[in-house]
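Written below as structure tokens is the structure these notes are about.
The values are calculated or read from the model by the stated rules, or taken from the named source; none is laboratory data. Model, not experiment: these values are computed from the prediction. Ideal geometry is used to build each Cβ from the backbone, glycine not excepted, and the neighbour counts take in all protein chains shown. The protein model used for the area step is the full one, side chains on, heavy atoms only, and it has no ligands, DNA or RNA in it. Shrake-Rupley method; radii C 1.70, N 1.55, O 1.52, S 1.80 Å.
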Amino acid sequence: MPVHPTSRNLHTVDQLRAIERAALSALGISGPELMRRAASAALSSLRRHWPQVQHVCIHCGPGNNGGDGFLLGLLAREAGLQVDMVGLTASSHGDAAVARAAWESAGGQVLVWDEQAVLPEAELHVDALYGIGLNREPEAAPARLIEAINRSARPVLALDVPSGLDTDRGSCAAAAIRADVTVTFIAGKRGLHTGRAADHVGVLELATLGVPESVCAAVPADARLLSAESLPPRDRYANKGNYGHVLVIGGDHGMAGAVHLAGESALRAGAGLVSVATRAAHVFALNAARPELMAHGVDGPQALATQLDRASVLALGPGLGQAAWGHALWLTALDANRPLVLDADGLNLLAREPRRFTAPTVLTPHPGEAGRLLGITTGEVEQDRFAAAREIARRYHAVVVLKGAGSLVADPDGRLDVCPWGNPGMASGGMGDLLTGIVAALLAQGCSAWQAAGLGAGLHARAGDRAARQGERGLLAGDLLAPLRALGNGMTGYERDHD
């Protein structure tokens, strides 16, 4: 399958429509010919993933995505497959009408889906209902068809976009196809890589349909996928002072684990020195568990000031709490105007007392914290993660890592990257503390806030994928530390990483 050099580029629906118009002009072909190419790519994907399948059912909407489906039906029959065809409507429009006529002229029948219709028996279902064209909840009849397909316990191949999934935002209505494989056409769609898309896209393939790379490159992408990177090798003439001094601030009563994880991940990500400013009661345990961490008991702002003088980067928030002790340390740390990673209760305090940052700053909210920073609900954040990440970055003048399935990295100017790694096993306590320490360590080693956020999010997620080889359920934050060290040093021999 051909892959463009710009295959990490992700586009909005409007950008995709502009690319498609330019592609037709550049290639000198008609809409139906582009559909034929899409159908051919879909058949190739189908045969590659399910070589034993002999009976398929293709579900077609009235638009261009349905046209792809009708032409796929023709090609599949020519290849010797038995094909059932289900249509949402009795007719199609535009180029899809030409494709439907070709299917019917070849003797193909169409079962029009209505209240009395029953899902045909087949070994595989193909979703060609809506593609990029749906930006609303499916109506009752299509929703019933989508639910029937999902209940069929048969594999599903989605063409371009799983129907019901918002192509721009990655959110979806109650009825949305859960595909095993999605073959998307021409260029990457941003909504296939974040949020609810993780449960609907399955294996994602890009088929460029012969569209020149220059056509896609001429339309600026809205976002990009992160690439797999590690830090460059260190100079032989080096000492710990060359790689910065991270100060982790937090760990109120009962929360020593948060600063321990943040501090240890900063060490494993390569910080030269890591100190921890925490409750005095935690110092003995921290020294015993990880003596390389320099743990200090601080009872208030004056004690913290001594530690701030020696630090080059602050990691503020893990286990901090929002009571008087945590609030006082938060204020003192922010007033020091050091490069900063802000997480957990550091973000909750920021939501209560907003400020714009002037020093290099990375905020790492989960969707709940993002909602508090914006004054909206968690659900509203998840409805449009792209808009939420960009608005937080703009409002607070910081780089933002919006965590979750398909973490987003945004800067105040609107630049945005999407993390393609990570797994559900990482939905456990302490994972965010690790990310805080990793990003702080990268800042300490000379990365810009943008570089530290993107590289840190990528290393964190890839380490999570390595650690999950023995299973996602039961994955602990500490399990990521060994693969984190390997990945940070460019050791990629365990598996072929996404690139």
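Tally Lys/Arg at +1 and Asp/Glu at -1 over every other residue whose Cβ is under 14 Å from the Cβ of residue 48; what's the total?
Numbers: positive: 47; negative: 180, 205.
In short, -1.
Given a 1.4 Å probe and heavy atoms of the protein chains only, how would you sort 261, 304, largest accessible area at the top?
261, 304
Residue 116 versus residue 337, label points 7 Å from Cα toward the beta carbon: distance in nm?
In this crude spin-label approximation the distance works out to 7.7 nm.
Counting other Cβ atoms within 10 Å, keep those with at most 13, restrict to DSSP loop, and tell me which GluC sites (Glu not before Pro) in region 94-181 are left.
When the GluC sites (Glu not before Pro) of region 94-181 are filtered for loop state and at most 13 Cβ neighbours within 10 Å, 115, 121, 139 remain.
Could you pull out the trypsin sites (Lys or Arg not before Pro) across region 309-387 that fall in loop regions by DSSP (anything but H, G, I, E, B) with no more than 14 other Cβ atoms inside 10 Å?
Sparse-neighbourhood loop trypsin sites (Lys or Arg not before Pro): 355, 356.
How do 130, 396 rank by accessible surface area computed with a 1.4 Å probe, from largest to smallest?
Numbers: 130 45, 396 5 Å².
Of 130, 396, the descending order of accessible area is 130, 396.
Gain in length, residue 50 to residue 218, computed as 0.36 nm per residue apart minus the alpha-carbon separation, to one decimal in nm?
Net length gain for the segment: 56.9 nm.
So, in Å, what gap is there between the alpha-carbon centers of region 417-491 and region 291-326?
Using only Cα atoms to place each centre, the spacing works out to 23 Å.
Can you pull out the trypsin sites (Lys or Arg not before Pro) in region 37-68 that DSSP calls coil and that have at most 16 other Cβ atoms within 10 Å?
none
Taking the chain as the reference, fit the longest principal axis to its C-alpha atoms, fit the long axis of helix 431-444 to the helix C-alpha atoms, and give the angle between the two in degrees, 0 to 90, nearest 10.
Once rounded, one gets 70 degrees.
Share of Cα-Cα pairs in region 43-153 beyond 16 Å, in percent?
On the way: 3373 of 6105 pairs.
Summing the P(r) tail past 16 Å for region 43-153 gives 55 percent.
Against the longest principal axis of the chain, how steep is helix 64-78, in degrees 0 to 90 to the nearest 10, with axes from Cα atoms?
So the inclination is approximately 60 degrees.
Keeping all protein chains in the complex and leaving out DNA, RNA and ligands, what accessible area do you get for residue 203 with a 1.4 Å probe, in Å² to the nearest 10?
Only protein atoms counted, so the area is about 80 Å².
Rolling a 1.4 angstrom probe over the protein chains, ignoring ligands and nucleic acids, what is the accessible area of residue 358 in square angstrom, nearest 10?
It works out to around 120 Å².
Given R₀ = 30 Å, what would the calculated FRET efficiency be for residue 105 paired with residue 228, taking r from the Cβ atoms and rounding to 0.05? Intermediate values should be presented prior to the final figure.
Numbers: r = 48 Å, r/R0 = 1.62.
Step by step, r from the Cβ atoms, then E = 0.05.
At 1.4 Å probe radius, can you tell me the per residue accessible area of the chain in Å²?
Solvent-accessible surface per residue comes out at 41 Å².
How much accessible surface does residue 377 have with a 1.4 Å probe, in Å² rounded to 10?
That residue has around 80 Å² of solvent-accessible surface.
Using only Cα atoms, what Kirkwood radius does region 144-253 have, in angstroms?
The Cα-based Kirkwood calculation yields 17.6 Å.
How high is the relative contact order of the chain, given as a whole-number percent (alpha carbon pairs under 8 Å, six or more residues apart)?
The normalised contact order for the chain reaches 13 percent.
Computed from these coordinates, which is Cα extents along the principal axes in Å: (1) 83, 48, 40; (2) 78, 60, 44; (3) 60, 58, 48?
(1)
Using a simple spin-label model with points 7 Å from Cα along the Cα→Cβ vector, what separation in nm is obtained for residue 415 and residue 33?
Distance between label points: 3.9 nm.
At 1.4 Å probe size, put 189, 403, 240 in order of accessible surface, largest to smallest.
The residues order as 240, 403, 189, largest area first.
Per DSSP helix of 4 or more residues, -39500 (n - 2.57); summed, then divided by the residues of the chain. What does that give at 222 nm, rounded to the nearest 500? If you can, show how the numbers build up before the last one.
Details: 17 runs with 194 residues, N = 499.
After summing the helix terms and dividing by the residues of the chain, the value is -12000 deg cm²/dmol.
Give the carbon-plus-sulfur fraction of the accessible surface of the chain in %, rounded to a whole number; probe 1.4 Å, heavy atoms of protein chains only.
Roughly 50 percent of what the probe reaches on the chain is carbon or sulfur.
Which value, in Å³ per residue, describes the convex hull spanned by the Cα atoms of region 274-407?
It comes to 113 Å³ per residue, whole-number rounded.
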